[in-house]
Structure formats: C-alpha cells, structure tokens
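Quick notes on the structure that follows.
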Amino acid sequence: MFENHSKSVFNIDPKSIPFNLKKTYFCSLNKTEMLQLQTIREKKDEIITALKKRNIDASSLVNGVLELDEKRRATQTRLDNTLAESNKLSKEIGMLFKSGKAQEANQLKEKTGTLKETSKTLGEELGSISEALQSLLYQIPNAPHESVPAGNTEEDNEEIFKEGDVPELATDALPHWELAKKYDIIDFELGVKITGAGFPVYKGKGARLQRALISYFLDKNAEAGYTEMQVPHLVNEASGYGTGQLPDKEGQMYHVTADDLYLIPTAEVPVTNLLRDEILAESDFPIQYTAYTPCFRREAGSYGAHVRGLNRLHQFDKVEIVRVEHPDKSYEALDAMVEHVKGILRDLKLPYRILRLCGGDLGFTSALTYDFEVFSTAQDRWLEISSVSNFETYQANRLKLRYKDENGKSQLAHTLNGSSLALPRVLAGILENYQTAEGIKIPEVLVPYCGFDIID
RNA sequence: GGAGGAAUGGCAGAGUGGUCGAAUGCGGCAGUCUUGAAAACUGUUGAGGGUCACACCUCCGGGGGUUCGAAUCCCUCUUCCUCCGCCA
C-alpha cells in the first residue's frame, strides 16, 4: 500500500518562485503591511491570478489598495511641501531673533498660521487614508506558490509522498482513547473537571512518554542545527500581527483581556517574533530555532465526529522548527525541513504521507505548505501531525524582518516554520499502531528517553 | 505594592528651545602603508517615505500637548535601574 514516490517532488527551481522581491516599501506611518505594496504595484495581475487559486477574486481589493496608495502618496507630497515651507519659515524666524530683528520675526510668525492649519488637516487626511489602506492590505492573503494545486477543500490536496508500513493489528484493536483508559495513561474526564473538554490529563507512563517525545524531538532538531529556545507562552498584540494570526485568526486564540495578551496557538508566534524589527547580515543566514511549547486553540466551531480523544484539543504540546532564510535559499530550506521531519517519522516507524496543500486549504499567510499525516490504524484515518510552510516575505514584511544585501540595501527575509512534531496525534499514532496483546510497545528510539519499553 | 532615577544611531555616550538627524569614542565598511597581518592614518557608516535622479519629508521609548520652532518644556503610557516591602 505504501510505496516510495520520487524524491524529486521537493526539488523546486528557485527561479520559479513568484514575487521574489527586489525592493522594500513601507508606508510613511511606519506600520506594517502584508503583501508588499511595491509588489502589488508592480505585479498586480500576477497577484490577482495567483490568488484565484485560493478561490478568491482579489481584483477589487487590489484595485482599492492601488487607488488608496496613489491617494496616500499625493497627500503625503502635499503635506511634505507644507511642512517644508513652515520649516523654512521657522528657520528664518530663528535667524531674525538671533540677529535682534524681533519685529520682522513677529511679522513672519503671522504667516505660519495657515500653514499650520493646512498641515494639520493634511496630516489627519493622511492618517485616515493610511489606516484604510492598512486594513485593506491586511485582508489580502499571501500569494500561493506556483506549485500549489488549485482546489477548494482538503479533498483537493495533492499527495506527493507516502512511506512506512501499516502494522497488522488484531481484529479487536482499539482506538487510542480506549487504550488510554485501558492502561490509565490519559484521563479526559479529569481534564474536564479541572478545566473543560479538550484539556486532557496525562498520567504515569502516558506523561512520561509525552515528555520522552518532546526530548527526543528537541534532540533531533538540535542535531540538525536548530538552536533550542524557551519562549513566553503569552504574546502581545504586535506579535500576533507580526506572524499573521491577527487580525485573521482573532477568534481562534485565547485572549487574556485583563492584560491584553494572547495565549500562543503555536510556538511560531513567539519564536518568529524574536526577530521582529531586526536587520540581519547575510552571513547570519540560515537562522534555525526550535522550541517546545504548549499550544492553545479555541477551536471555535469545530465539533463533530472527528474530535474524539487526542484528535482535537484546546491545549496540546508541540515542538516547532523555525527558519529565517535568504530569499534565494528559502525553498531549499523548505525541502530540508521536509526531509528532517521525514527522518523523525522514519525513526518512529510510523506510516505517513505528505500532502501539498491546495489553494483552498492553504493558510492565510503561507505561500506553500506541506502537511504530514500519520496513518492511525485503529481509527482507519489520517491524522495531521506536521505542517511545514514557506511564508516567503509575507511575515517578514509585517515583522520588518530584513537583511542587508550585498549592495547594503535592506531586503525582506523569508520565514519558514514547521512542526517537528505535534505531540497528541503522534502519541495517538504510537498508541494505536504499536498496540499488541501484551501492551503498547515503545518505539525503539524512545526507549532510552522513556526508561521502559512497554505500557501494560 | 511604595519612593526615587533613567530611556538618544550597532554599542557607549554628549546634547535642556533655533543651522541637531544629532558631538565624541568604540565597532563596521573602504582606502593608504605592509610580503601578509596588526598598529597608525584617511574617508565612510541609522531607518523609512518621496523622486528617473535630486530636492524635500518623517523618526532621539510610545501617544498627546505648548511654541513660529521640541531630542530639549508639559501631560500620559510603557520599559529599565536603585532602595524598601512581599514572594516562587
């Protein structure tokens, strides 16, 4: 059932990357944007075409942006000219006072009144135009990479790789939530008591196995050159905007209103924001971070048959990898991340497949995403356990994460991230695929981390 | 939580109403010298907007105000430091 497909699917020609930007552009109010305005100006039609893959018609949005952009620049110019004039007058007044010509100075003063008024009006106008422009820009998702297949739903995702053997289980094989109860390693009801649904309590060997997985993942990532970071689990609003969770996914994050902080939905947010407002040297690349954090998701509106057990939780653990790359190298880096995650799943001997997400399923901020899914035998279904994405300049633009190119110019870097891995579904996969009559066997690579080789 | 002090360019650190986008030092980059390196010397070196390119505009923790004019004065928020209290 699982045969290897060609590896060549990951060999993407960097020249094929769309919107590989040559110039940066930031609006005068120093706020961040999403797709770069400069790019929209230069490649309007390409962007609209690319966004069609997401099944959205962005033409009115894009046209609105361009219109406001033009208006903004015109207003800015008028304001600049007004300010230039009053600056000049002020200097003259200063000189006159210095040379004792107070009378002449006072005469000049009278001329400044209208200039002041004009610049105030223009400033307000500029402010509201910029704000409107900003809110339009925030509504445009990233342009998909050209390799992204068209499509609406997860049905249209493209399976590009499959590997591993599905174990032959006894006919009375149990799903993980039954196993969790049988061996008393995860208690969902206890979690309901102290918090609510979706907050399981891990017990004994279950807790130990989870900790073993975290350590194992972190060690593997460190081996591959990722620097381990421990980061806050609450982030401020600016961080949420930086990586694109805000304003798009406002309702999906837990918001601590008393302090206006958000519980992180993924380590991606604090880790990528470590580099917000930074200007790197080219020699800093590649930047590779890994972090273990709990992740908190409200999962508003997602109820139904597939949320049992560990399949969908409000709090879960995840080890994340984040990379910041030179634009020319980011797709190479994406390949490397995919290979890295493959290596971990091979070690764990879990059957898995890789999907290239279609336009309709692609995350708002991503240009290209590969999902990893583990086959959960007892449930007879695929479970998403990793998502590896290249955001190109989309996040960097919001983060103002730049580097100096060989000409000394600031350019936006590319950001990428991926799970390596999301714990609960890996755990579910292990419990279900490794169950035997004697108990649940522990994958060999985890035994040293667990200190036991079977849960019975 | 209470009382004080502070926030300036990559870093350190001047500047208390006018030609200050900001002295000076360190660091970085380029050059001279050198077989090479170091040292020394010379030049250069913040981020954005705007323009074909200039001009020009904005930014001295954030926001607001006073003034013809603000890094400098006032208000406010945030952060950091010192002392006291409390505490894992």
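The values are calculated or read from the model by the stated rules, or taken from the named source; none is laboratory data. Here the structure is a predicted model, which is why all the values come from computation and not from measurement. Cβ sites come from the backbone with ideal geometry, for glycine too, and all protein chains shown count toward neighbours. The area values use the complete protein model at the heavy-atom level, side chains included, leaving out ligands, DNA and RNA. Shrake-Rupley method; radii C 1.70, N 1.55, O 1.52, S 1.80 Å.
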Inset, instruction - Enumerate the amide H contacts of A:Ser420 below 5 Å, restricted to partners 5 or more residues apart or on another chain; note that Pro and chain-start residues carry no placed amide H. - result: A:Val319, A:Glu320, A:Ile321
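Suppose a student asked you for the relative contact order of chain A, using Cα pairs under 8 Å spaced at least 6 residues apart; what percent would you report? Kindly include the intermediate steps, with their values, before the conclusion.
Values: 848 pairs, mean separation 90.7, N = 456.
Relative contact order, chain A: 20 percent.
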Legend entry - Spatially proximal lysines relative to A:Lys98 (Cα-Cα < 30 Å; intrachain offsets below 8 disregarded): A:Lys88, A:Lys109, A:Lys111, A:Lys116, A:Lys120
Inset, instruction - Over chain A, with every protein chain in place, what whole percent of the accessible area is carbon and sulfur at 1.4 Å, could you tell me? - result: 48 percent
Legend entry - Set of aspartates and glutamates with alpha-carbon distance to A:Lys318 below 12 Å, sequence-local pairs under 8 removed: A:Glu268
Legend entry - Farthest toward positive dipole pole in chain A [+1 Lys/Arg, -1 Asp/Glu at C-beta], among A:Ala378, A:Leu362, A:Gly123: A:Gly123
Legend entry - Virtual spin-label span in nm between A:Ala300 and A:Asp259, 7 Å along Cα→Cβ: 2.2 nm
Legend entry - Farthest toward positive dipole pole in segment A:26-137 [+1 Lys/Arg, -1 Asp/Glu at C-beta], among A:Leu137, A:Asn63, A:Thr82: A:Thr82
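What helices does chain A hold that run 20 Å or longer along their axis, going by alpha-carbon atoms, with a Kyte-Doolittle average of -1.0 or more, using DSSP H for the helix calls?
Numbers: long enough: A:59-98 (58 Å, -0.56); A:102-137 (51 Å, -0.59); A:204-223 (28 Å, -0.48); A:330-348 (27 Å, 0.09).
Helices meeting the criterion: A:59-98, A:102-137, A:204-223, A:330-348.
Loop only by DSSP, 11 or fewer other Cβ within 10 Å of the Cβ. Give me the GluC sites (Glu not before Pro) in segment A:373-456 that pass, ordered by residue number.
Numbers: sites: A:Glu373, A:Glu384, A:Glu392, A:Glu406, A:Glu432, A:Glu438, A:Glu444; in loops: A:Glu406, A:Glu438.
Filter output for segment A:373-456: A:Glu406, A:Glu438.
Give the residue list of trypsin sites (Lys or Arg not before Pro) in segment A:363-435 that are DSSP loop and have at most 15 other beta-carbon atoms within 10 angstrom.
On the way: sites: A:Arg381, A:Arg398, A:Lys400, A:Arg402, A:Lys404, A:Lys409, A:Arg425; in loops: A:Lys400, A:Lys409.
Sites meeting the loop and neighbour criteria: A:Lys409.
Extension gain A:Glu154-A:Ala281, at 0.36 nm per residue separation less the Cα-Cα distance, in nm? Show your work: numbers first, answer last.
Details: separation 127, 0.36 × 127 = 45.72 nm, distance 3.92 nm.
So the extension gain works out to 41.8 nm.
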Inset, instruction - Provide, in order from the shortest bin, the percent of all Cα-Cα pairs of chain A in each 20 Å bin, continuing until the bin that contains the maximum pair distance. - result: 22, 48, 21, 7, 2, 0
Legend entry - Where chain A is the region considered: accessible area per residue in Å², 1.4 Å probe: 46 Å²
